[in-house]
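Nothing in this text is a laboratory measurement; each read-out follows from the coordinates by a stated rule. Note that the structure is a prediction, hence the values are computed from the model and not measured. Positions of Cβ are generated from backbone atoms using ideal geometry, with glycine treated the same way; all protein chains shown enter the neighbour counts.
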Amino acid sequence: MDTYPQWIDVEGDDGTFAAYLALPRSGHGPGILLIQEIFGVNAHIRSVADQYAADGFVVLAPDMFWRAEPRVELGYDEKDWAKAAALKQQTDTGKAQADIAAAVKALRALPGVEGKVCSVGYCWGGQMSYLAAANGHVDAAVAYYGGGIQNQLDRADDIKVPLLMHFGGKDQHISMDAVRSIAERFGIREEVEIHVYPNAEHGFNCSHRSTYNQRAAAEAHGHTLIFLSENE
């Protein structure tokens, strides 16, 4: 008998990679494609997947660094930061998006998935979630402190699905000028929602980091659940 959560294999364009699968107690629900930070599908990302599963979603978190180091799992100290940054630099965005497309296809094919599939990404994964929306891979997208989105605004008109973005007001990696440029580019588009948490730093949702902000994380999770429920 299968037990969950578990790792499953996903067939990509140029190989097979692993993905962490978490199911709700009911065994069925809308799908979430959960996209990692640069630290791999580590304990934090798995806990996020488990939380969304508890919220009623079928969650799949693909290993995005499988070509360089399959199932890599990093922490947040200086040494792991350096390795994570190197792995990100080695990752081709086009291939990463192809992996996301393959993982979404696998997620949609699971018997428990009902309704739409939304991507939810964190940090680098936030940018990947944004691009997944622009590339038409998902039915809706959420980006937590998505670094680099401000440099991808030429893709804004390609986004035809609902998009939710979360930013920290004290993020040292994403300036408020960058957030303003994103907000100005999307203007008054009703399907695009942006929340800024004034006292939150980068990585505010990650309880494994010193920058964890419980209030901001709770508020962002609430906004995300409402967004997801409105776009199931």
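Overview of results
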| item | result |
| --- | --- |
| Rg to Rh, two decimals, where the range 6-230 supplies the alpha carbon set and Rh follows Kirkwood | 0.93 |
| Under 25 Å between alpha carbons - lysine pairs in the range 73-148 that sit 8 or more apart or on different chains | 6 |
| Where labels lie 7 Å past Cα in the beta-carbon direction, separation of Ala218 and Thr93 in nm | 3.7 |
| Cα centroid of the range 142-186 to Cα centroid of the range 1-42, whole Å | 26 |
| Spin-label pair Trp81/Ile194, simplified geometry with 7 Å Cα→Cβ offset, distance in nm | 2.7 |
| Neighbour-count order for Phe204, Phe186, fewest beta carbons within 10 angstrom listed first | Phe186, Phe204 |
| Cα gyration tensor category, rounded, prolate or oblate, for the range 1-52 with a/c compared to 1.5 | oblate |
| Cβ-placed point charges (K, R +1; D, E -1), dipole of the chain about Cα centre in debye, nearest 20 | 220 |
| Per principal axis, descending, Cα span of the range 1-105 in whole Å | 40, 32, 23 |
| Vicinal HN-Hα couplings computed from phi for the range 155-166 (Karplus, 6.51 cos²θ - 1.76 cosθ + 1.60; Hz; Gly/Pro x) | 8, 4, 5, 7, 7, 10, 10, x, 9, 10, 10, 10 |
